[in-house]
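Below is one structure; the comments refer to it alone.
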Amino acid sequence: MKFGTLYSYWGHEWKCDYARTMKKVSDIGFDILEVGAPHLVEMTENELNEMKCTAKELGLTLTANIGPSKNKDLASADPEIRKAGISYLIDIMKAMDKIDSRSLVGAMYSFWPCDFQIIDKKGAWERSISAMKEVAKAAEDLGIECCQEVLNRYETYIMTDCEEGIRYCELVGSKNVNLLLDTFHMNIEEDNISEAIRKGGSRIGHIHVGEANRKLPGMGSLPWREIGRALRDVGYDKGVVMEPFLLQDGKIAEDIKVWRDLSNHADEDMLDHYIKESLQFLKHEFTF
């Protein structure tokens, strides 16, 4: 297993200085930095090349995280919106190819955060799967794995447990379309996190980790050793990426619903300390 973190841990907005963040996560001891996929299509060729070179110099793998907006919803009843969503994901993957990023992860099957204004699950599944088949063709050509994130009931109605995620991937029918399981969402929806991981098995392409309140692994009560054992049982050897959200205020806190400070008013140095300790904890729990 390779260990990583989402880029946004230190900030209040969905943006960052990637050169500085890559250096920081490398120094802390991570193998992976998960970047914001929308940022990639906003970058120039030179900026993409600089990101690729910096990651290579630091020995970092880059993965890309996406939660498309409503006007790019693959499950939309509007064919023009579905078309825009397909084109958008393909453009992102083309940019990913330029930085040698091979994992696109997130709720790309619809939009995030869901507003639940229209709840037509059967229709949404049919439309999303049809659109994802087109995305999958491009993913296969580019050598990129698209990992569908199973979310909890408060963030989507389309795919809320491992079993539904497996079925969705099977219906798309591509070796490049697999599952993203997230311990935060699983803690809400699964009867047993470890058994859900075993059920996902070889379909799991990516793992997100965080406590039940979105703090760093080790700051709460999830059964990390059992989770690590389940991942080893299924032979999982891909990315384990933290998605910690501790800071109050700003767009990130608004989207994630962090309504109080979870960091004990930590400064940047203390945030560095927290995440370094969490990485050491997680490696121990997942590898012993």
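The values are calculated or read from the model by the stated rules, or taken from the named source; none is laboratory data. Fair warning: this is a prediction, and the values are worked out from it, not measured in the lab. Cβ sites come from the backbone with ideal geometry, for glycine too, and all protein chains shown count toward neighbours.
Numerical summary
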| item | result |
| --- | --- |
| Checking Phe281 against (1) surrounded by 16 or more Cβ atoms within 10 Å (Cβ to Cβ); (2) part of a helix (DSSP H, G or I); (3) of a type in the set (Phe, Trp, Tyr), the condition it does not meet | (1) |
| Total residues in region 72-108, condition out of contact with any helix residue (DSSP H, G or I) (no Cβ under 6 Å at 6 or more places or on another chain), within 15 Å of Ala131 (Cα to Cα) and among the polar types (S, T, N, Q) | 1 |
| Members of region 72-85 that are surrounded by fewer than 19 Cβ atoms within 10 Å (Cβ to Cβ) and in contact (Cβ under 8 Å) with a residue 24 or more places away in the chain | Ala77 |
| Members of region 117-131 found to be surrounded by fewer than 17 Cβ atoms within 10 Å (Cβ to Cβ) and within 24 Å of Gly36 (Cα to Cα), listed by number | none |
| Condition check for Tyr109: hydroxyl-bearing (Ser, Thr, Tyr), more than 15 Å from the chain's Cα centre (by Cα), at pLDDT 95 or above and crowded, with 19+ Cβ neighbours inside 10 Å | no |
| Hey, Val234 β-branched (Val, Ile, Thr), surrounded by fewer than 18 Cβ atoms within 10 Å (Cβ to Cβ) and closer than 23 Å to Thr61 by Cα or not | yes |
| Qualifying positions in region 151-187 - buried (at least 16 other Cβ atoms within 10 Å of the Cβ) and of a type in the set (A, V, I, L, M) | Leu151, Ile158, Met159, Ile166, Val172, Val177, Leu179, Leu180, Leu181, Met186 |
| Spans of helices (runs of 4 or more DSSP H) in region 101-220 with at least 2 residues of a type in the set (D, E, K, R) | 121-142, 162-172, 193-200 |
